[in-house]
Amino acid sequence: MTFLEQVVLLKRMDALIKRKSTGTPFQLARRLNISRSSVHNYIKILKEFGAPVVYCNRSRSYIYTKRFTLDFNNSVQLF
């Protein structure tokens, strides 16, 4: 997967999380056509960007615990 494809995937995940409509990790993996382990890896990346993301058992979706904006402009440093 190219860097651009990864960015697009992170943006899709961000949008789904904001709508609280990711479903379970398995459902999200199927929706994005990636493995469950990749879902967990991308969630980890979001957390590294400062995303306050958790899985909510009640809503059966990943959610943000407070307002968050995914911003690649200020987060990516090129050498």
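The values are calculated or read from the model by the stated rules, or taken from the named source; none is laboratory data. Bear in mind that the values here come from a model prediction, so they are computed numbers and not experimental data. So basically every Cβ, Gly included, is an ideal-geometry build from the backbone, and we count neighbours across all protein chains shown.
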Practice item. Mind listing just one residue for me: the one in the range 17-28 that is polar (S, T, N, Q) and within 12 Å of the chain's Cα centre (by Cα) and, of those, nearest to Met1 (Cα to Cα)? Key: Thr22
Exercise for review: Please determine, by comparing only the residues of the range 56-79 that are part of a loop (DSSP other than H, G, I, E, B), closer than 18 Å to Tyr42 by Cα and hydrophobic (A, V, I, L, M, F, W, C), which one is modelled with the lowest pLDDT.
Suggested key: Val76
Point to revise | Total residues in the range 1-53, condition hydrophobic (A, V, I, L, M, F, W, C), outside any helix (DSSP H, G or I) and loosely packed, with under 14 Cβ neighbours inside 10 Å | key: 1
Study note, to complete from the structure: Over the range 34-70, the set of residues in contact (Cβ under 8 Å) with a residue 12 or more places away in the chain, farther than 20 Å from Met1 by Cα and in contact with a strand residue (DSSP E or B) (Cβ under 7 Å, 6 or more places away or on another chain) is Ala51, Pro52, Val53, Tyr55, Cys56, Tyr62, Ile63, Tyr64, Thr65
Practice item. Could you tell me whether the range 11-22 includes any residue that is within 13 Å of Leu70 (Cβ to Cβ) and without any contact (Cβ under 8 Å) to a residue 12 or more places away in the chain? Key: yes
**Study point:** Flag for Arg31 being in contact with a Ser or Thr (Cβ under 9 Å, 6 or more places away or on another chain), over 20 Å from Leu4 (Cβ atoms) and basic (Lys, Arg)
**Key:** no
